[in-house]
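Engineer: To start, I am sharing the structure in question, which I have written as structure tokens.
The values are calculated or read from the model by the stated rules, or taken from the named source; none is laboratory data. In this text, all values refer to a predicted model and were calculated from it rather than measured experimentally. Please note: Cβ atoms are built from the backbone with ideal geometry, for glycine as well, and neighbour counts cover all protein chains shown. Side chains included, ligands, DNA and RNA excluded: accessible areas come from the protein's heavy atoms. Shrake-Rupley method; radii C 1.70, N 1.55, O 1.52, S 1.80 Å.
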Amino acid sequence: MYLYAGKIAKADLTQKKITIEETNRDWIDQYVGGMGLGFRYFFSQVRPDVDPLSPQNAMVFMNGPLAESMAPLSCRLPMVSKSPQTGTIFESNVGGAIAAELKYAGYDGIIIKGKSDQPVYIAIKDDRVEIKDAQGLWGKGIFETEEKLKSMEKDEEVKSFVIGPAGENLVPMACIGTEAYRQLGRGGTGAIMGSKNLKAITVRGTQGVQVADMKGFLDYTSEIFQSNLLTVDNLWAHTDGTPAFVASTNDMGIHPTLNFQQGTFEHWEKIDSVAVKSIKRRARACRSCPMACGNFVRTEKVMVEGPEYETLALAGSNCGISNIEAVAQFNEICDDLGLDTISTGNIIAFAMEMTEKKIYDFGVTFGDEDNYLRIPKEIATLSGRGKEMAQGVRSMAARYGGKEFAMEVKGLEMPGYEPRGNWGMGLAYATSERGACHLRAFTAFSETPYDLAAMAQEVVYQQNFNSVKWPMCLCDFWGTFNTDIMTQFLKFGLGKNISAEQLDQIGERIWNLSRIFNLRAGMKKVDDDLPPRIKKDPLIGGRAQGKVLSEEDLETMLQTYYELRGWDKEGVPTQKKLSSLGLADL
């Protein structure tokens with residue numbers, strides 16, 4: 001097959017059985033790849049009421065069509081499953097080189113179900129897929145495990161997915177690491193893997209990728225490099241990376257500070273891109289990427305790629321931490337333990353506010369660097385106060401109080417853009433299939449942040465667009481990318497014409513499919529909501545001083561959003577809408 005490998009590897013860990021099947025070509029036409037094809041395969045494999053940490057839950061890793069096709073910024077690999085944090089279907093994706101290795105090994109995806117009776121890892125090398133003993137790796141951090149796997153597989157070039165102690169201990173916000181400093185970061189990917197006694201997946205491929213029109217593909221790639229990719233609109237990713245957002249979000253008054261009490265951080269310049277550059281040693285890039293947006297930092301105390309903006313915001317200003325080296329240390333600790341820094345930072349900030357308000361004493365206050373750096377290990381190992389904090393903000397608030405400032409949506413802690421200063425971000429968080437998420441729709445830089453109708457329309461548009469971009473497995477930092485460019489890559493790659501309108505419909509189909517799953521899993525309109533603080537407490541500081549996103553305004557946006565989507569007033573897709581998208585039978 002052109003662009004696609006044509007095979008799916010399936011592992012039943014209970015039976016210790018590997019099977020190989022052909023990739024469903026009808027589903028490729030309807031869902032493209034990546035997140036979309038992953039959603040469709042997951043939908044066919046798992047009942048919506050499944051316990052996320054049970055053997056019956058599945059992990060679906062699904063490649064995109066452009067991986068290792070020479071298309072730039074196309075080497076991301078998603079995983080789809082049901083989240084232990086939210087109970088919803090979700091997708092998390094990661095860069096690096098593992099997507100390329102999977103394609104070179106001859107597979108479009110990997111589907112894993114069941115539970116091993118002892119720790120194992122899956123080793124993929126071209127046509128050979130094996131389940132191997134991992135008892136000697138259990139308990140080790142991600143960094144050490146990756147190095148040991150290279151030795152065990154006798155291949156320094158092998159790429160791997162690995163969990164740390166957090167995943168082994170089923171911490172709901174545990175993530176999966178690859179190449180040490182890259183993560184399938186949100187939704188509890190590592191906990192699902194740990195629940196299956198699966199320590200790692202190694203991948204090595206030596207095959208190739210077929211393209212229908214090689215000359216046309218190469219010529220178009222060369223042209224788009226110069227005319228669209230390597231332009232001023234995108235080169236910030238190379239010069240600064242995401243730490244550049246620290247200055248801009250503070251300027252707009254949407255920078256989360258002290259558990260989302262404030263929209264600006266007094267010491268933001270101590271954790272901005274200039275501060276990161278002061279300890280940066282070199283840039284790091286994913287496969288097939290000329291941007292090299294990763295900042296590899298090193299001091300006497302720390303060596304890590306990062307921190308990215310989300311970590312600087314949620315584990316920096318949101319915790320009252322203004323020491324760039326401390327934030328980088330926090331980043332490194334979480335990466336090795338296998339913890340999502342967004343959720344972990346939020347949890348610690350919530351504990352800090354709980355302690356300062358004397359609601360419950362977690363033994364940590366805003367700006368307390370020493371405790372702040374100790375807590376991630378406590379969470380990952382379920383020791384001391386970490387045992388309670390590991391369950392997340394929603395659980396902590398239900399047990400101890402503080403629900404009015406528990407900053408989560410559907411159980412997933414909020415990312416680094418304050419919704420009171422941009423109401424579109426509030427709607428994006430409320431309606432995302434995986435809880436509070438900035439990667440489904442991103443309106444933070446909109447010029448009309450308080451226009452309810454405009455924000456609803458923009459969120460719908462971006463959710464549909466991103467529901468095509470993630471199936472194509474393209475990096476978010478190609479900001480000028482559009483469906484017209486996608487059609488050209490697919491035309492030369494597949495040898496057939498697919499219109500931008502067809503891609504638009506595919507995006508809408510994928511978004512509605514995730515909604516169907518979540519509704520069948522028990523989600524209701526009441527879950528499309530935001531924390532009480534966002535709806536009631538006026539924002540402190542900055543350009544958005546005094547703003548709230550009221551219950552009434554949120555409801556107005558939701559009803560406009562539902563209407564634009566062709567859903568009823570309870571957020572349920574109508575039969576007419578489902579029929580138009582080819583989803584009536586689901």
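Engineer: Along each of its three principal axes, how wide is the spread of alpha-carbon positions in the chain, in whole angstrom units, largest first?
Structural biologist: Its Cα atoms span 61, 54, 47 Å along the three principal axes.
Engineer: Continuing with the same structure: Where does each of 217-224, 238-245, 539-546 land if you order them by average Cβ count within 10 Å, highest first?
Structural biologist: Sorting 217-224, 238-245, 539-546 by mean packing, highest first, produces 238-245, 539-546, 217-224.
Engineer: Among the listed pairs LYS7/LYS132; LYS7/LYS280; LYS115/LYS569, give every one whose C-alpha distance is greater than 29 Å.
Structural biologist: LYS7/LYS280; LYS115/LYS569
Engineer: Any idea how far apart ASP537 and VAL232 come out in nm if each label point goes 7 Å out from Cα toward Cβ?
Structural biologist: 4.0
Engineer: Just check segment 7-204 against the gyration tensor rule for me: Cα atoms, a ≥ b ≥ c as the square roots of the eigenvalues, rounded for a/c under 1.5, and otherwise prolate or oblate depending on whether a/b exceeds b/c.
Structural biologist: Since a/c stays below 1.5, the shape of segment 7-204 is classed as rounded.
Engineer: HN-Hα J couplings of segment 328-336 from phi, Karplus 6.51/-1.76/1.60, θ = phi - 60°, integer Hz, Gly and Pro as x?
Structural biologist: Along segment 328-336, the couplings run 5, 4, 4, 4, 5, 4, 5, 4, 6 Hz.
Engineer: Follow-up. Under the rule of -39500 (n - 2.57) per DSSP H run of 4 or more residues, summed and divided by the residues of the chain, what mean residue ellipticity at 222 nm is obtained, to the nearest 500 deg cm²/dmol?
Structural biologist: For the chain, the value works out to -11500 deg cm²/dmol.
Engineer: Taking Rh as the Kirkwood radius, which is the inverse of the mean 1/r over Cα pairs, what is the Rg/Rh value for segment 180-308?
Structural biologist: 1.06
Engineer: Of the DSSP beta bridges with both residues in segment 99-240, give the percent that are antiparallel, rounding to the nearest 5.
Structural biologist: The answer is about 70 percent antiparallel.
Engineer: Would you mind working out the accessible area per residue for the chain, using a 1.4 Å probe, and quoting it in Å²?
Structural biologist: Accessible area per residue, the chain: 35 Å².
Engineer: Another question, if that's okay. Restricting to bridges with both residues inside the chain, how much of the DSSP beta-bridge set is antiparallel, in percent to the nearest 5?
Structural biologist: About 80 percent, rounded to the nearest 5.
Engineer: What is the calculated FRET efficiency for ARG128 to MET214, with r their C-beta to C-beta distance and R₀ = 45 Å, to the nearest 0.05?
Structural biologist: 0.95
Engineer: Given the pairs LYS277/LYS469; LYS150/LYS199; LYS16/LYS199; LYS82/LYS410; LYS82/LYS140; LYS387/LYS525, which span a C-alpha to C-alpha distance of over 21 angstrom in this model?
Structural biologist: Pairs exceeding the cut-off: LYS277/LYS469; LYS82/LYS140; LYS387/LYS525.
Engineer: Based on the alpha-carbon gyration tensor of segment 434-510 and its eigenvalue square roots a ≥ b ≥ c, which shape applies: rounded if a/c is under 1.5, prolate if not and a/b is larger than b/c, or oblate?
Structural biologist: Prolate, since a/c reaches 1.5 and a/b exceeds b/c.
Engineer: Determine the share of the chain's accessible area contributed by carbon and sulfur atoms, expressed in whole percent, with a 1.4 angstrom probe.
Structural biologist: For the chain, the apolar C and S fraction of the accessible surface comes to 47 percent.
Engineer: Given the C-alpha centroids of segment 173-209 and segment 275-331, what is the distance between them in whole angstrom?
Structural biologist: Each part reduced to its Cα centre gives a spacing of 21 Å.
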